[in-house]
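The values are calculated or read from the model by the stated rules, or taken from the named source; none is laboratory data. Here the structure is a predicted model, which means the values were calculated and not measured. Every residue, glycine as well, gets a Cβ built from its backbone with ideal geometry; the counts of neighbours run over all protein chains shown. In case anyone asks, the SASA skips ligands and DNA or RNA and just uses the protein heavy atoms, side chains included. Shrake-Rupley method; radii C 1.70, N 1.55, O 1.52, S 1.80 Å.
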Amino acid sequence: MDDKWIWLGLCEASGIGWKRMKDILQNHVDLRELPEWDAGSWRGLGMPEKVAQSLPEQLQPEYLQTKIKKYEEQGIHIITMLDEEYPTLMKETFQPPWILYAKGRVELLSSFCIGMVGTRIPTAYGRKVGELLAGEMAERGVTIVSGMARGIDSVCHEAALRANGQTIAVLGTAIDTIYPAENRSLYHRIADQGLVLSEYPIGTKSSPGLFPQRNRIISGLSYGSVVVEADARSGSLITADFAMEQNRDVFAVPGPITSPKSQGTLSLLKQGAILVTSTEDIMKEYDSSLIKRCDNPYEMKEKSSQMSASKPPISDFSAKFDLTTDEKTIYLILEQGDTTIDELHIQSKFDFGLLHTVLLSLIIKKQISQRSGALYTLI
């Protein structure tokens, strides 16, 4: 069975969360061998007894085919980190989702994205500004990314659609669960004209704890995130925090100093967020000729610190980042220049299962990135 579907089975298996999935991959296991493992093999990898007992059944081809068919029937695309469609920018974040579930135009994942978030109970001013910025950016080819929540999120999605532009809704629920319920029409319009995205598979029970996690995806897909209107404790500030951690731009719209709904954005401006008084304040941060071509995030915006930083010698690098022997092999090959996955397969003599795992580990350590066409490059 294809590595992709074994990956799906692992991610959806009971007891396998983000950290355990990472532990499995960092043990450089061959994915195609996993359906043949018994409970003892999983215990040897450190899995708890209950998880070890359930995994053999959940990785059987027949069991996985049932899952795959269910997604196909609902028109849901499954995008794993092994797939070219997986967004390069997202891979560069600290905790990228192992799988993205999508309905709609998957190609938007490689478009130029700006996140837009804000309060769920906006003022008339907040609504007007959100509509203006989202609509004008959408007209200029920017994909607007938001969370389909009440308030500013919905305002920005709607404005992008009215402008016949592109928008991505990142859900804090399962891909087939619409929340809030009044956004049912918006959900279907985005699925038809844009893209609905979630890291949660069908059947996932909704929980308040899931929503903050989706904010890292909004910022992770985007070159910058705009906070339109937010009070001091707004959940939209979580998106700004993730954006700063991911070394992405943070924009904030000023508001009246007497308005509670402006306190969050005013605080961001004090911390160094980029002031937004017009769409041009956002667009001028990026080279417009590159908005149509997003193969490599490091070509989108030249940050002086990135451009001036030199790569350390391999001996210093391996000591600092504790590379494994397999990772050093791939790193040394990539030191000679950007290389396709087929060339890496030939030069390293690794089987594809091991090669995928090593490449993923280096991406997680933020030492390499993947460009379109399965081309890998050193950061």
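Roughly how many debye, to the nearest 20, is the charge dipole of segment 44-109 about its Cα centre, given +1 on each Lys and Arg Cβ, -1 on each Asp and Glu Cβ, and no other charges?
That gives a dipole near 200 debye.
If I take every Cα pair under 8 Å that is 6 or more residues apart in segment 173-283, average their sequence separation and divide by the length, what percent do I get for the relative contact order?
Relative CO of segment 173-283 lands at 20 percent.
Evaluate the distance, in nm, between pseudo-label points positioned 7 Å from the Cα of residue 128 and of residue 21 along their respective Cα→Cβ axes.
It works out to 4.4 nm between the two label points.
Under a Cβ-Cβ cut-off of 15 Å, what is the net charge of the residues other than residue 67 that fall near it, where Lys and Arg count +1 and Asp and Glu count -1?
Net local charge, residue 67 excluded: -4.
Normalise the Cα radius of gyration of segment 34-97 by 2.2 N^0.38 Å (N = residues in it) and let me know the number.
So the Cα radius of gyration is 1.43 times the expected 2.2 N^0.38 Å.
Might you work out the accessible area of residue 5 for me, using a 1.4 Å probe with all protein chains in place, and round it to the nearest 10 Å²?
Approximately 60 Å² of residue 5 is accessible to the 1.4 Å probe.
With every atom except the alpha carbons ignored, what do you get for Rg and Dmax of segment 75-115, in angstroms?
Reported Rg and Dmax, both Å: 10.1, 29.
Antiparallel as a % of all DSSP beta bridges within the chain, to the nearest 5?
40
Using a 1.4 Å probe, how large is the accessible area of residue 280, given in Å² and rounded to the nearest 10?
Estimated to the nearest 10 Å², residue 280 gives 90 Å².
Taking the Kirkwood radius as the inverse of the mean 1/r across Cα pairs, report the Rg/Rh of segment 25-167.
Taking Rg over the Kirkwood Rh, I get 1.13.
Rg and Dmax of segment 13-64 over Cα atoms: what are they, in angstrom?
So, for segment 13-64, Rg and Dmax equal 10.1, 27 Å respectively.
Can you run phi through the Karplus equation (6.51, -1.76, 1.60; θ = phi - 60°) for segment 191-205 and list ³J(HN,Hα) in whole Hz, with x for Gly and Pro?
The phi angles translate into 4, 7, 9, x, 8, 9, 9, 7, 9, 9, x, 4, x, 5, 6 Hz.
Roughly how many Å² is the accessible area per residue of the chain, as a whole number, for a 1.4 Å probe?
Here the per-residue accessible area is 44 Å².
If each DSSP helix of 4+ residues adds -39,500 (n - 2.57) and the sum is divided by the residues in the chain, what number results at 222 nm, nearest 500 deg cm²/dmol?
Calculated from helices alone, the mean residue ellipticity at 222 nm is -13000 deg cm²/dmol.
Of the listed pairs 103/284; 19/328; 19/50; 19/91, which have alpha-carbon separations greater than 20 Å here?
Result: 103/284; 19/328 exceed 20 Å.
Below 8 Å, C-alpha to C-alpha, sequence gap of six or more: please give me the relative contact order for segment 102-213 in percent.
29
Over the heavy atoms of residue 33, what accessible area does a 1.4 Å probe trace out, to the nearest 10 Å²?
Number for this one is 90 Å².
List the relative contact order of the chain as a percent without decimals, with contacts defined as Cα pairs under 8 Å and 6+ residues apart.
RCO, the chain: 15 percent.
If you roll a 1.4 angstrom probe over the protein chains with everything in place, what fraction of the accessible area of the chain belongs to carbon and sulfur, to the nearest %?
Here carbon and sulfur together make up 50 percent of the probe-accessible area.
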